[in-house]
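Structure record follows, encoded as structure tokens.
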Amino acid sequence: MFALAAFFAAAPLIIAIYAYVGYPLILWIVASIRPRGNSARNTAAWPSVTITLPVYNARSSIASTLGSLLELDYPRDRLQILVLSDASTDGTDDVVRAFADRGVELLRLPERRGKTAAENAALSASRGEILVNVDSTILIPAESLKKLVRVFDDPTIGVASGRDVSVGAIENQGTIAESGYVGYEMWVRDLETRVGSIVGASGCFYGSRRYVHGRPLPPGLSWDFAAALVARKQGYRSVSVPEAVCIVPRSAQIRTELRRKVRTMARGLSTLFYHRALMNPLQYGGFALMLISHKLLRWLPYLLAPVALAALCILAVESVSARVLLGIISAGLVAGIIGIRRGDSTPARPIALAAFVVAVFSAGFLAWWEALRRTQLATWEPTPRPGVQT
């Protein structure tokens, strides 16, 4: 019983160490012995591009986002900006229509069906060879679109993901840990690109060939994750483009981030289950191993965490070191809960870190719960973010 409890107590930590440390180390070793390729051919002709912008009740941010998109450095006769309104009710559509004389188009869904349904509907209204999806609360520097689109000169590339740069007030300790995680994630994607292909794109800013979206995706799944998976099935690879920067404001409160993480992780798990055949190494080789390592094994510790905590309680009956560890974890849980409940954007750094960890693990477990219950997560509430300062 003691040995079994020790196994279950240690399992999430061992899996997490591999997923967050071991896997990137393997990527780094493989990438270091593989010659760097230069896929961009810098051809003279720019492909036609449709920027799709899914929104729901984004009146407060849509005007500034459209303003920044209209300033992008890209041939205007090759660029279509298409706003996908998921039956918004706050006047978002009226704001978008005010940009019609500047070439912005509106596709309104007659009833609210969710982000993925809106993205599915975009194919019939889009004209571009390359579809670029952007979030309604971010800022794309003028030169980033060309950087993203240029990589499609390589015919082997089906999806290209931009580089998220998380920004926010420096005093906001409550969500500053999110910025560090985003930087880590971008580094891992760069390594995956050098090895062969990323296994998921950034939902804030990514592009894909039109063929990738040829079939509609079930409404409870996530296109930014699924795009790379569909592309792999079609024989394409997906890449991260470090020069294609996307500026993403951090949420003001951890509780906001928790809700967002539950939603995005649950949709990610559902997408992974839907495309589970891609986790077969016999058929998809290294891509399957990367998908398992980057996605499944990152998410699995959240599901196992309650079991590990129960196992640690059993060990604490006989082991002093287990009791000490249980005490530390309990103190961290209390501090994290306090940090989340306070709703203060400037807690002390230890409390902010504890709150972030508790929020992440809570979101992870709730996401598994929603995914296993197959809860319908088609509709979405846009994450409130502060405006981007330029």
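For the residues Thr43, Thr65, the requirement of being within 21 Å of the chain's Cα centre (by Cα), polar (S, T, N, Q), at pLDDT below 95 and more than 29 Å from Gly286 (Cα to Cα) singles out Thr65. Pairing each residue of region 21-40 that is assigned to a loop (DSSP other than H, G, I, E, B) and at pLDDT 80 or above with any residue that is open to solvent by less than 90 Å² (accessible area, probe 1.4 Å) and β-branched (Val, Ile, Thr), provided the two are 6+ apart or on different chains, yields C-beta distances under 7 Å for Arg34/Val195. Residue pairs, Cβ under 7 Å, 6 or more apart or interchain, first in region 120-140 and in contact (Cβ under 8 Å) with a residue 24 or more places away in the chain, second in a loop (DSSP other than H, G, I, E, B) and of a type in the set (Lys, Arg). List them. The qualifying pairs are Thr137/Arg385.
Selection over region 205-231 of residues that are without any contact (Cβ under 8 Å) to a residue 60 or more places away in the chain and either open to solvent by 40 Å² or more (accessible area, probe 1.4 Å) or hydroxyl-bearing (Ser, Thr, Tyr) (or both) gives a count of 2. So Glu192 ticks every box in (1) surrounded by 18 or more Cβ atoms within 10 Å (Cβ to Cβ); (2) free of Cβ contacts under 8 Å to residues at least 60 places away in the same chain but one. Which box is left unticked? Of the numbered conditions (1) surrounded by 18 or more Cβ atoms within 10 Å (Cβ to Cβ); (2) free of Cβ contacts under 8 Å to residues at least 60 places away in the same chain, the odd one out for Glu192 is (2).
So if I check each of Leu289, Leu325, which one is open to solvent by 40 Å² or more (accessible area, probe 1.4 Å) and in contact with a helix residue (DSSP H, G or I) (Cβ under 6 Å, 6 or more places away or on another chain)?
That would be Leu289, the only listed residue that is open to solvent by 40 Å² or more (accessible area, probe 1.4 Å) and in contact with a helix residue (DSSP H, G or I) (Cβ under 6 Å, 6 or more places away or on another chain).
Criterion first (modelled with pLDDT under 95 and more than 20 Å from Arg215 (Cα to Cα)) does Thr116 satisfy it? So Thr116 does not fit the description; no.
Restricted to region 352-369, and to residues that are at pLDDT 80 or above and open to solvent by 40 Å² or more (accessible area, probe 1.4 Å), which residue is nearest to Ile329 (Cα to Cα)? Looking at the filtered set, the residue picked out is Val357. Beta carbons closer than 8 Å, at least 6 apart along the sequence or on distinct chains, never pair a first residue in region 322-338 that is in contact (Cβ under 8 Å) with a residue 60 or more places away in the chain with a second that is part of a helix (DSSP H, G or I) and open to solvent by 50 Å² or more (accessible area, probe 1.4 Å).
The values are calculated or read from the model by the stated rules, or taken from the named source; none is laboratory data. None of these values were measured; they are calculated from a predicted model. Quick reminder, even Gly has a Cβ in these numbers, built from the backbone with ideal geometry, and neighbours come from all protein chains shown. Calculation scope for accessible area: heavy atoms of the full protein, side chains included, ligands and nucleic acids excluded. Shrake-Rupley method; radii C 1.70, N 1.55, O 1.52, S 1.80 Å.
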